[in-house]
1. So which residues in region 58-77 are aliphatic (A, V, I, L, M) and without any contact (Cβ under 8 Å) to a residue 40 or more places away in the chain, if there are any at all?
2. Can you tell me which residues in region 40-51 are crowded, with 18+ Cβ neighbours inside 10 Å and within 13 Å of M27 (Cβ to Cβ)?
3. Could you go through region 30-37 and let me know if any residue there is surrounded by fewer than 16 Cβ atoms within 10 Å (Cβ to Cβ), out of contact with any Cys (no Cβ under 9 Å at 6 or more places or on another chain) and in contact (Cβ under 8 Å) with a residue 60 or more places away in the chain.
4. Can you tell me which of L70, L88, L82, L126 is of a type in the set (A, V, I, L, M), open to solvent by 70 Å² or more (accessible area, probe 1.4 Å), at pLDDT 90 or above and over 24 Å from A12 (Cβ atoms)?
5. Determine which member of the set A97, A76 is surrounded by fewer than 17 Cβ atoms within 10 Å (Cβ to Cβ), at pLDDT 95 or above, out of contact with any helix residue (DSSP H, G or I) (no Cβ under 8 Å at 6 or more places or on another chain) and in a helix (DSSP H, G or I).
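The values are calculated or read from the model by the stated rules, or taken from the named source; none is laboratory data. Here the structure is a predicted model, which means the values were calculated and not measured. Cβ placement follows ideal geometry from the backbone for every residue including glycine, while neighbour counts extend to all protein chains displayed. Surface accessibility is based on the protein's heavy atoms, side chains included, excluding ligands, DNA and RNA. Shrake-Rupley method; radii C 1.70, N 1.55, O 1.52, S 1.80 Å.
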Amino acid sequence: THLIKRFGHVDAPTLLAMYRGARILVMPTLFEAMSLPIFEAFAEHLPVACSNVTSLPEQVGNAAVVFDPLNVSNMALHIERLWSSNTLQRELVRRGALRVKQFTRERMARQYRDLYRRLAREDCRLDMCEVAKQTADSLE
């Protein structure tokens, strides 16, 4: 436990220094909608090991080692494998750099715009259609 430190909120420069000083990022979450720390790690060329829950496997693709967060021995096995293999670390850094490029702000904004446009065209409650249309227009 002396090797594990807990931090509250950290500012951006400190967070960047933490990523750059780390050897791997481990994300043993039980629920995560969109994991910004994983994509921040990819952007900082840090190999990732994460849970195989919710949408994380879809988010990381083949750019991370995934494990069952409810199975401690499985988690330990995968973390140790990543920690001890420089070859695996280099490969995941390469894949992570490619993966993070697929999730740009511009691309995500376009996808939301397209979603709202589809919603505005569909037969739905008038007030929701208007909200979707206004949102799509604002993303132009």
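1. V60, A63, A64, V65, V66, V72, A76, L77
2. A41, F42, L46, P47, V48, A49, C50, S51 - these are the residues of region 40-51 that are crowded, with 18+ Cβ neighbours inside 10 Å and within 13 Å of M27 (Cβ to Cβ).
3. no
4. L70
5. Details: A97 fails: out of contact with any helix residue (DSSP H, G or I) (no Cβ under 8 Å at 6 or more places or on another chain).
Residue meeting the stated conditions: A76.
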